[in-house]
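The values are calculated or read from the model by the stated rules, or taken from the named source; none is laboratory data. Predicted model, so just to flag it, every value in this text is computed and none were measured. Methodologically, a virtual Cβ is constructed for each residue, glycine included, from the backbone with ideal geometry; neighbour enumeration extends over all protein chains shown. Heads up: the accessible areas ignore ligands, DNA and RNA and are worked out on the full protein's heavy atoms, side chains in. Shrake-Rupley method; radii C 1.70, N 1.55, O 1.52, S 1.80 Å.
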Amino acid sequence: MSVAAVAALAVPAGASAADVQTGVDAAMSHTSKADSALTHALSLFKGGDVTRGTSAFTSSRKEMGLARSAAAQARHASTGAADRALAADAEAAVAEQQDVNIVKLAKLLPRTHGAVQSKVAQAALTDTKGRDKAIAVLTAVTLTAPPQAQTGLAHAVQALSTDRSGEITADAKALVSDAVTPENKQVLATALKSDVNGQTTAADKLKELLSASSTPDAAKPGLAKAYDAVTAEHGTLADILSRFSDRMPASIRSYVTSVVTHARTDARTMHNDRPTPPSHPTGKPGS
């Protein structure tokens, strides 16, 4: 199930609900088109069709821009907690697509050249930062959302916080590729650092939801499980980067090594600061 679908739960309709829903529907439509276009671009570049591949990539980025605008439309149309929870579906849809894009863009990067490669690298940075900003936004909405929407929104935060090993591996492979220019490796390394640091911030957001009295008890076991997954995965991300770092050019090796060091430190801190497991409905401590 998609992040946006998990986030979507029935909420009381406000006066502006129709306008919010219009923005949500538009965001979901544009992210779907963006995904199809980026997948097509990757296929075309693999086949050596640079012209059509470039056109498909450009189309994908245009659709992502339209999706972000639609999400903003939904957000601006919301006038209360229920509307904001509904508008969060659009935010979740954009963030989910950014999450999907990151791996595809990293795989696309070594297959492109010149100005197109620079645009792909920048897109990877933009989507990495955008996804992690969305986690903060969704957390804030969750804390004030109507009870029937909170569990779904919490699940969306969980989904966006985990499963980053694949994208870090794809980034690392692009950073050791001779086909990627030093300048674009710098941009991608910045995106990689944002990715790793963003997961640390995501862990803080999961803790915030776990400790909030407004978070439904039904959502807390999943949030605790997600926190543990992030903690374990954070150390794995450091290991992945460490395996590739010796093959990276000197211009970014020390930068990535610093990311590895901080990731391992953060993973230990996450483990030591693990929030108290939520109580089981029977009254027994959760696992």
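Rolling a 1.4 Å probe over the protein heavy atoms of the chain, with every protein chain left in place, gives an accessible area that is 55 percent carbon and sulfur.
Probing with 1.4 Å while keeping every protein chain in the model, the per residue accessible area of the chain equals 44 Å².
For the chain, a crude dipole built from +1 on the beta carbon of Lys and Arg and -1 on the beta carbon of Asp and Glu, taken about the Cα centre, is about 540 debye to the nearest 20.
Straight-line cross-link reach from Lys207 at under 17 Å between alpha-carbon atoms covers these lysines, not counting any fewer than eight positions away in the same chain: Lys133, Lys220, Lys225.
For segment 147-162, backbone phi angles converted through the Karplus equation (6.51, -1.76, 1.60; θ = phi - 60°) give residue-by-residue couplings of x, 6, 9, 5, 5, x, 5, 4, 4, 5, 4, 4, 4, 6, 8, 10 Hz, Gly and Pro being listed as x. Ligands, DNA and RNA aside, Leu210 has an accessible area near 20 Å² when probed at 1.4 Å.
Once you order the gyration tensor axes a ≥ b ≥ c over the Cα atoms, which shape class does segment 84-194 get: rounded for a/c under 1.5, otherwise prolate or oblate by comparing a/b with b/c? Cα axes put segment 84-194 in the prolate bin.
Within the set of other residues whose C-beta is less than 14 Å from the C-beta of Ala95, count the net charge using Lys and Arg as +1 and Asp and Glu as -1. Combined, the nearby Lys, Arg, Asp and Glu give -3. Each helix, a run of at least 4 DSSP H residues, gives -39500 (n - 2.57); summed and divided by the residues of the chain, these come to -27500 deg cm²/dmol at 222 nm.
The gain in end-to-end length when the Asp163 to Arg243 segment is fully stretched comes to 26.9 nm, 0.36 nm per residue minus the alpha carbon separation. Extending 7 Å from Cα along the Cβ direction at Thr22 and again at Arg268 yields two label points whose distance is 5.5 nm.
Does the chain come out rounded, prolate or oblate by the C-alpha gyration tensor, with a ≥ b ≥ c the root eigenvalues, rounded set by a/c under 1.5 and, if not, prolate when a/b is larger than b/c and oblate if not? Verdict is oblate for the chain.
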